[in-house]
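Novice: Provided herewith is a single structure, encoded as structure tokens, for subsequent inquiry.
The values are calculated or read from the model by the stated rules, or taken from the named source; none is laboratory data. From a predicted model like this one, the values you see are computed outputs, not experimental measurements. Here Cβ is always computed from backbone atoms with ideal geometry, including for glycine, and neighbour counts include all displayed protein chains.
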């Protein structure tokens with residue numbers, strides 16, 4: 001679980017990567033071009049259909065899921081928590097700055113919890129999972145999410161090729177993977193340390209873009225970790241733009257295979 005990439009560096013997360021919602025929104029926006037389209041906030045809302053009481057969104061980010069729940073389930077008591085005070089600005093209350101391994105909640109005080117695309121940012125994932133179990137009631141529900149190990153493999157290959165061109169070698173270093181520490185393949189075992197029943201809902205798809213802009217915006221959203229990428233960041237991203245543009249001119253589109261998933265946990 002040791003991390004040398006800065007993915008779990010709280011000061012970097014709060015002070016740069018998620019200081020505002022800009023980079024998170026760039027990563028989310030790439031899915032506008034995915035087929036099939038998944039309405040994740042609607043899926044989460046449906047999974048919570050039998051829940052009453054308090055739902056806490058741990059690592060709520062820009063509040064995308066809280067907003068849908070507030071609209072569809074006004075009967076729920078909602079709380080958003082995140083390590084970054086900046087990204088919480090402007091979100092409807094109640095929200096608070098909090099660490100996933102030290103949640104400011106009483107034991108068994110929440111009826112459901114969300115941990116969506118965020119547990120890979122926690123240095124001690126088992127402790128965070130145990131903490132989520134602690135704050136849930138006996139019949140409480142946890143919904144987590146992450147990506148598979150080969151999610152967006154085409155972007156990984158694009159990065160290595162662009163980095164290689166910049167460095168003058170056949171292939172450059174690996175692209176930083178945010179989800180590697182808590183991938184769809186690893187997550188069930190990590191969650192079963194505290195939850196007896198873990199159901200995986202895989203969400204495969206293909207992203208097809210006809211302009212480089214969405215891909216480049218996604219790559220630029222990793223700027224906070226530029227120092228861990230092993231190459232001149234901006235030059236590599238610009239080289240990637242040219243490669244994608246050439247592919248689109250040749251094939252009519254640039255395609256990216258993706259695999260995300262939800263993990264529904266009880267017990």
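Novice: Could you go through the stretch 148-158 and let me know if any residue there is more than 20 Å from the chain's Cα centre (by Cα) and modelled with pLDDT of 95 or more.
Specialist: Yes, because at least one residue in the stretch 148-158 is more than 20 Å from the chain's Cα centre (by Cα) and modelled with pLDDT of 95 or more.
Novice: Let me ask something else about it. I need the full set of residues from the stretch 15-56 which are under 13 Å from the mean Cα position of the chain (by Cα) and touching a residue at least 40 places away in the same chain (Cβ under 8 Å), in order please.
Specialist: Hits for the stretch 15-56 are 17, 18, 21, 23, 24, 26, 27, 29, 30, 31, 40.
Novice: Is one or more of the residues making up the stretch 7-14 surrounded by fewer than 17 Cβ atoms within 10 Å (Cβ to Cβ), free of Cβ contacts under 8 Å to residues at least 12 places away in the same chain and part of a helix (DSSP H, G or I)?
Specialist: yes
Novice: Among the residues of the stretch 230-258, which ones are touching a residue at least 60 places away in the same chain (Cβ under 8 Å) and closer than 23 Å to residue 25 by Cβ?
Specialist: Hits for the stretch 230-258 are 236, 237, 240, 244, 254, 255, 256, 257, 258.
Novice: For the stretch 129-139, what are the residues that are at pLDDT below 95 and under 13 Å from residue 109 (Cβ atoms)?
Specialist: Listed by number, the list holds a single entry, 138.
Novice: Okay, next question. Residue 126: surrounded by fewer than 21 Cβ atoms within 10 Å (Cβ to Cβ), in contact with a strand residue (DSSP E or B) (Cβ under 7 Å, 6 or more places away or on another chain) and at pLDDT 95 or above, yes or no?
Specialist: When the stated conditions are applied, residue 126 does not pass them.
Novice: Which count do you get for residues in the stretch 71-94 that are more than 15 Å from residue 21 (Cα to Cα) and either touching a strand residue (DSSP E or B) at 6+ places or on another chain (Cβ under 6 Å) or at pLDDT below 95 (or both)?
Specialist: Qualifying residue count, the stretch 71-94: 6.
Novice: Also: Given the criteria assigned to a helix (DSSP H, G or I), touching a strand residue (DSSP E or B) at 6+ places or on another chain (Cβ under 7 Å) and surrounded by fewer than 19 Cβ atoms within 10 Å (Cβ to Cβ), does residue 188 qualify?
Specialist: Criteria met by residue 188.
Novice: A further question on this structure: Out of the residues in the stretch 40-59 that are touching a helix residue (DSSP H, G or I) at 6+ places or on another chain (Cβ under 9 Å) and assigned to a loop (DSSP other than H, G, I, E, B), which is nearest to residue 141 (Cα to Cα)?
Specialist: It comes out as 48.
Novice: Given the stretch 60-164, what strands (runs of 3 or more DSSP E) lie entirely inside it while holding 2 or more residues that are in contact (Cβ under 8 Å) with a residue 60 or more places away in the chain and closer than 24 Å to residue 6 by Cβ?
Specialist: Output list reads 136-147.
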